[in-house]
Structures are given as structure tokens and as C-alpha cells.
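See structure below.
The values are calculated or read from the model by the stated rules, or taken from the named source; none is laboratory data. Just so it is clear, the structure is predicted and the values come from calculations on it, not from any experiment. Cβ coordinates were reconstructed from backbone atoms using ideal geometry, including for glycine residues, and neighbour counts include every protein chain displayed. Keep in mind that these areas ignore ligands, DNA and RNA; they rest on the heavy atoms of the full protein, side chains included. Shrake-Rupley method; radii C 1.70, N 1.55, O 1.52, S 1.80 Å.
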Amino acid sequence: MSARRPRTRALAVLSAVAVGTGVVVASSANAAGPVGPSAGVGPPERGKQDEQWVAEGRGGAVSSVDADATAVGIEVLREGGNATDAAVATAAALGVTEPYSAGIGGGGFFVHYDAATGEVETIDGRETAPEAMPKDAFIDPETGETYPFFPDMVTSGVSVGVPGTPATWQAALDSWGSRSLADTVEPAATLAEDGFEVDETFHRMTANNQERFAAISSTAELFLPGGEPPAVGSTFRNPDLAETYRLMAREGMDGFYRGALAEEISDTVQNPPAVEGAELPVAPGEMTTEDIAEYAVNTPEPTSHEYRGYEVYGMAPPSSGGHTSAEILNILEQFDVPSMSEADAMHHYLEASALAYADRAAYSGDTDFVDMPLEELLSDEFAAERACELDPNRAADKPVASGDADGDYSTPCDGATGPRADRPNSEGPSTTHLSVTDRWGNVVSYTLTIEQTGGSGITVPDRGFILNNELTDFSHVYDETDPNRIEGGKRPRSSMSPTIVFEDGDPWLALGSPGGSTIITTVTQTMVNRMDLGMDLPSAVAAPRAYQHNSAGVTAEPGFVDAYGDELTALGHEVSETSSIGVVAAVELLPGGRAQAVAEPERHGGGSAAVVRPTGRW
């Protein structure tokens, strides 16, 4: 993209506006590990200080799901590291404390703003399919039907893509970092050696995967000591991962993508270490050492669009997050959402989401393999045509048809004539996100994952990390017209949506979330809350959520149903409840060189936000 030149900005911090169940700013329990930093001066004493989900101050800020990981990032910033250094260090720590959500066995998307050049750049570290992956990889030859998704399909070598996370870290440090890979991963290696305190969330996630983990000897050995999930309050250590991090520190990317470790990864995928006699089949995959050695990150131009004067930057395909969120917002921009009641605003948000998800299914895929009208999907003209399909007074019958992203919008309200691409969506919810800024004004928004909670369930023996099951993000039934069809060497479509928003030419907000296909709506709803509904960032993150993926019904958190359910039902929405949607981690840049870091107050056990030098306490 063209260079940006930052300009001075003045923004009054909006007062908190509660939605639905309201907002109470308070400490929260840790998602996976002991309580962490209070953002005080000096090195954090793990297990000694109160965790907080909102922090405001100077010198840099970190927001993530985990207190130990946030503490690692803050310490890097405190010692003079920049946003990229801190982001990589935080991500490496999350690989220790959140091993079922992210790690070096997976991939992700990294969005970076460089304060010195004014440029936004991205790294696509999405996993790739082995060249030999067959088109019918997920079809049971005995029945002609797809394998059961869980636990069979996800717990297999077939589901494992070539990991991109290590290459992402190295590429980010090479481009924008001030520290070496060895320096940035050492705090996480030490954390893996010393261990962290098991909390209820980590215990529960292990227990929920006990059948899968018990079927794989290397996973059972690491994550089911004595045959059971680690007890709450016990210390979980992973010295194998510490050594793997240090191998990468010594040998760089050759230490991961070539040599002994690459051979071990390939052998683990082709010959999963299944426990003899286990009832769960663990099918072998096709990954070779050549597939691993040939992996490379991509550096696509970010998606960008304007929304009510803000500039919004996100990830290009194979992430569908950037363009789908953009389309939702561009459709909403055709309406005066800020003047609506909250229920009407939510109706418009849900209906715009359905329209954008219809276009996602019809058009979105890895652009190295499919032609995709990305410029049209991002355009205001296409959004105006799609907005014609949104009835302010009635929910449309779902699925809605996709639009015609053909560049011809001369008769914008003639009706959608595209296909009703009603394809199943099977993205796993267990991803993680972190947002970082530093004293110089650099900003990172980084989402990374191993897909399902526990990924493929397959741990590389004696290496301490679980391999992903990202290839289940491909459409399971091959269709030549499907942009997300299986192809060797291809990256599966993703919903990860790391986002950076600018106001008056300056970076203003960095955010993202885990949640599979709910990521897009979680990030978009948070932006609508912040930009349209008058909420400050803590309120926007804490507010109850809902999502609509062009399916028959709306899925919503209880607080959302309580606040808007009756009115939305009267408009024709079918609303059902789910306990929780998404886990946002965000940073807002404030006037005078300050920043506000905001994590989840409750979802996923609560997140962790910290700054280097606090100026106030929430």
C-alpha cells in the first residue's frame, strides 16, 4: 500500500456506555496460568500481583488472553524492545500457556504499523496443504460421506497443514524487530521450563479433549500425566518445548523447516503415534519433508477501506476477515446507524453480516489458486448494491443469495442474482489474539492458531507442541466452483481478522479475536460498538455479542438475548443462546502518547491487559 504519513490527532475518550447486562470494570481470573502483572514498574513477580483487564498508561501496552504472556510482552517493552519484539515474545509465551489454542505447530496473520514510515504491512503465515493432499481427503471411501468432523476428522494427520508460525516470527523480526529470535523466545522457554499454575480453564480444556489425547501416546504423555488432566493448582511444565524453542534460537528457521525436526514432523503426520488398541482412528496424512522445506510466508497488501471517516486495515486472502468485515461495515455505512436504537442497530448489523457471509462463501479463497474480485468486495459501490437487500423492518429468509461483484452497479437495487452458497462452516474456535503498541507508536495486531481446541491432538514426540488441524478449514466436499476447494500447496480460507483502525491519519485501535467463523462478527461488532454506538473500548469489548453467518438463526450470548431478543424476534430473527462468543484483545492509542489496553473481563476466564508505565487504574 502507499505510505501513510501520521498526523496529529486529538480524541476525547468517550464515557462508558453499558449495553445489555452492563459493564463492571474489575479484576478477573486468569485464562491459563497464575495471576500476572498489575502494569507496575519493575519486573513482574509471577503469581504475586493482581491481574486486570483494562490498563492505561505510557511506554507501550499489551493485551492478550493470558497474564503470563502479557507479562512477557510488557517486560520486553520495558527493556527497550519494540512492538514486534514484544508480539513475538508474547506469542511464544502463549504457545506455553495456551498450547491448545496456538503454538509453533500452527499459523496465523500478522498486521504491523510502522511509525517511522507510516506504512501498514502484513505477514500471511497461514498453513499450507501438502502437495499430495487428495481432493477427497475428508471422504470415507466405505460410505462416500464425509468423516465425522469431531473427533475423527480433526484428530488425524490428514488435517495437518505445514506450520507457518515460526516463519511468521522470523519474518516479522527481520522486517521490523530490534531483537533476535533467540532473545524473543527465551522468556517463553524459561516459562516452559519453570512451568505455570494450572487453572480451571486449562484443566477443563484438557478434560474435554481427554479421549483424543489419550489415543495418541506423545500427547497423553505430555498433557495427561498419570492418565488424567493436570489438577487445578498444580504446576505444568514443558521442558521439551523449551528445548524446541532453543533449537530454533540456535539454528533459526533451518532448525524447524529442515533437518531432524522437519523429518520428525513429517513422520508424525504420516505415522501418527496412536496408542495400540485405541478406539479413535488417527488417520495418516501426506506431508513430506519437501512440503515443510518449501514453506514460505506471504506478504500481501492489507485490505483497506474507509468507514465514517475511519480507515480500517486488515488481512487479505486467504483470510476472509479483512474483506468480509469491510463489507459488513460498508453496508452499514449506507444507513444512519449512530442515530438508531440499539436494537435496530443490531438488526442492521446482523443482516449486513448475512449478506457479507453469502459473498464470502461465493468468492473468498487463496488468491494464488482462485481469481477473486477483492477490489469489488471492498468497494462502496458493491456495498450500496448489497444494502438494497437489507430490509430495515424485517429479517430476510436465510440463506440469502450472494451479490454480483462484477463492477456493474448502474442499477444497484435490481435484486441479488448470485448463488445461494450454503456450504457448511467448520472452523474451530480455539485461536488466540494479541495487540501491542510501543513507546515509538508502532502497532501490532496478531492472530494465531492451531484451529480446534487442541488442534489435531497430535504432539510431535519429545518436541512439546501440538500440530494444527487447519486443513479442515477447506470445504470438505470437493466442488470445482468452490473457491475454498482442496488443492495441494493451497492455504485454506480463514476468518482470522487482525485489524488496525486509523483516525485522522494516526493509528487509533488495534484488535482481533479467536472464535473460528465468529471472529469476523466479533471484531466487527466491537468496532460498531466503539465507532457507532458511543461506547468506550472497555464497554465495547465487554458488551454481549451475537453472530449471523447467513444461516437460519442468530446465535447470541445471554446478555444479548436479554437486551434485544424480543425486538429482534419481532423482526423475524430466530435467536438462540450460546454461552460465549469470541475473546477480544485490543489496544487504543490515546492523546499524549498514552495507550489503553483492554482484554476480556470474563470470557475464556478473563484476559490480561498491561502497560509499561500506568497513569491510572480502572
*Which of the listed residues, 597, 84, 239, is farthest toward the dipole's positive end in the chain, when Lys, Arg count +1 and Asp, Glu count -1 at the beta-carbon?*
597
*Computed [θ] at 222 nm, deg cm²/dmol, the chain (DSSP H ≥ 4; -39,500 (n - 2.57); rounded to nearest 500)*: -9000 deg cm²/dmol
*Please get the size of the charge dipole for the chain, origin at its Cα centre, with Cβ charges of +1 on Lys and Arg and -1 on Asp and Glu, quoted in debye to the nearest 20.*
1960 debye
*Of the accessible area of segment 461-556, with the probe set at 1.4 angstrom, what percent is carbon plus sulfur?*
41 percent
*From the square roots a ≥ b ≥ c of the eigenvalues of the alpha-carbon gyration tensor of segment 253-344, which class results: rounded (a/c under 1.5), prolate (a/b over b/c), or oblate?*
oblate
*Quick one: check the C-alpha center-to-center distance for segment 504-538 versus segment 90-122, whole angstrom.*
18 Å
*Label-point separation (nm) for residue 180 and residue 577, each offset 7 Å from Cα along Cα-to-Cβ?*
5.5 nm
*Solvent-accessible area per residue for the chain at a 1.4 Å probe radius, Å²?*
34 Å²
*From the list (1) 0.89; (2) 1.13; (3) 1.40, can you say which value of Cα Rg over 2.2 N^0.38 Å was derived from the structure given?*
(1)
_Would segment 302-370 count as rounded, prolate or oblate if I go by the C-alpha gyration tensor, calling it rounded below 1.5 in a/c and otherwise prolate when a/b exceeds b/c, oblate otherwise?_
oblate
*Rounded to a whole number, what % of the accessible area of segment 166-264 do carbon and sulfur atoms account for, probe 1.4 Å?*
45 percent
*Grab the beta carbon distance between residue 562 and residue 234, set R0 = 60 Å, and tell me the FRET efficiency rounded to 0.05.*
0.95
_Magnitude of the charge dipole, segment 546-618, Cβ model with Lys/Arg +1 and Asp/Glu -1, debye to 20_ = 660 debye
